[in-house]
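The values are calculated or read from the model by the stated rules, or taken from the named source; none is laboratory data. Everything numeric here is computed off the predicted structure, so don't read it as measured data. Because the Cβ atoms are built from the backbone with ideal geometry, glycine has one as well, and the counts that use them run over all protein chains shown. Please note that ligands, DNA and RNA were not included when accessible areas were found on the heavy atoms of the full protein model with its side chains. Shrake-Rupley method; radii C 1.70, N 1.55, O 1.52, S 1.80 Å.
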Amino acid sequence: MTDRLTVAVLGTGIMGAAMARNLARAGHTVRVWNRTRAKAEPLTSDGASVAGTPAEAAQDADVVLTVLHDGPAALDVMRRAAPVLRPGTAWVQSTTVGLDALPALADLAGEHRLAFYDAPVLGTRGPAEAGQLTVLAAGPADGRDKVTPVFEAVGARTVWTGEDGAAGTATRLKLVANSWVIAATAAAGETLALARALDVDPRRFFDLIEGGPLDMGYLRAKAGLIIEDRLSPAQFAVSTAAKDARLIVEAGERGGVRLDVAEAGAARLERAAALGHGDEDMAAAYFASFDEHRIADAVDEQS
């Protein structure tokens, strides 16, 4: 490749680690930082170097990619990194931060004269590891030649939503997409829980809908994780999904609409996290259907 960049990846959780790995494999120079350094260390085998601070990772970078838990985390980490960045450096913000957090991030970018790209991604662990994410991006057209190689390394498709990252067009589209993901996941878990309660073999349900308009690959995938007890490692963790669900509810309230399904989905995910499933796949919201003392038997009875 000809467009070799120095990319700082700040945050190496499920998504950030996979994105950093694919950037290194694409030939870019990659420096990574994570709050818990041990989670970043395995990336050295892929050619990335691990920095001790966000500023150390960002020094002389062409592009800084933030893949952190939420808006406050992204703001805190970039406040530590931004002072060492050259004016014009591209900041690709890939955290799902919600609408309320975005202005502060854009203001920080403006303060340090950074080219700000709001670029959350659609996909989970599998697509991230395969470099098959969908990037939802908004940011200045002048400078896209610098961030395009980054998007091409981590994703199969880039959907541009506008030229102003601060306007939140990419984040808005991501929240709409995630509202469907969270609703579908909650429905899958409740369907299996009801089947258990009514002593119905879930395979009969899948046979019933097979090939029809009610059949859906996503339903089968999430149900399979529950039935086969493959909730770890998470494709998309309960705790992260709960955070996103709350951002969706808040966005709806801001827009003057009531999102009852999203509100219920957030409550289910938060209940599952409180029951000890926060680090498992978001399909583990299934366990929120049961009293705590009955959870131990739930998966066994589905299997």
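Descriptive notes on the structure:
- L136 being touching a helix residue (DSSP H, G or I) at 6+ places or on another chain (Cβ under 7 Å), farther than 30 Å from F290 by Cβ and not small (G, A, S): yes
- Yes/no for D70 being open to solvent by 20 Å² or more (accessible area, probe 1.4 Å) and touching a Leu at 6+ places or on another chain (Cβ under 6 Å): no
- Residue match in region 291-299 (condition: in a helix (DSSP H, G or I) and at pLDDT 95 or above): no
- Failed item, numbered, when L231 is tested on (1) in a loop (DSSP other than H, G, I, E, B); (2) farther than 30 Å from S94 by Cα; (3) of a type in the set (A, V, I, L, M, F, W, C): (2)
- Listed by first and then second residue, the pairs with beta-carbon distance under 7 Å, at least 6 apart or on different chains, first residue in region 270-293 and among the basic types (K, R), second buried (at least 17 other Cβ atoms within 10 Å of the Cβ), are R271/A288.
- Residue ID - nearest to V154 (Cα to Cα), chosen from residues in region 20-49 that are in contact with a Leu (Cβ under 7 Å, 6 or more places away or on another chain) and open to solvent by less than 50 Å² (accessible area, probe 1.4 Å): A20
- V176 meets the stated requirement of being among the β-branched types (V, I, T) and over 20 Å from A237 (Cβ atoms).
- Any hit, region 43-55, residues being in a loop (DSSP other than H, G, I, E, B), within 25 Å of D281 (Cβ to Cβ) and β-branched (V, I, T): no
- Residue in region 196-203 that is touching a helix residue (DSSP H, G or I) at 6+ places or on another chain (Cβ under 7 Å) and closer than 27 Å to G71 by Cβ present: no
- Scanning region 154-168 for residues that are within 17 Å of the chain's Cα centre (by Cα) and surrounded by 18 or more Cβ atoms within 10 Å (Cβ to Cβ) returns V154, G155, T158, G168.
- The residue that is most open to solvent (accessible area, probe 1.4 Å), among those in region 73-105 that are small (G, A, S), in a helix (DSSP H, G or I) and in contact with a helix residue (DSSP H, G or I) (Cβ under 8 Å, 6 or more places away or on another chain), is A104.
- Close contacts from region 188-215, counting a first residue that is in a helix (DSSP H, G or I) and a second that is open to solvent by 80 Å² or more (accessible area, probe 1.4 Å), with Cβ to Cβ under 8 Å and a gap of 6+ residues or different chains, come to R196/E301; F206/R220.
- So A183, is it closer than 18 Å to D281 by Cβ and part of a loop (DSSP other than H, G, I, E, B): no
- Unmet criterion (only one of (1) open to solvent by 40 Å² or more (accessible area, probe 1.4 Å); (2) closer than 19 Å to G123 by Cβ) for E190: (2)
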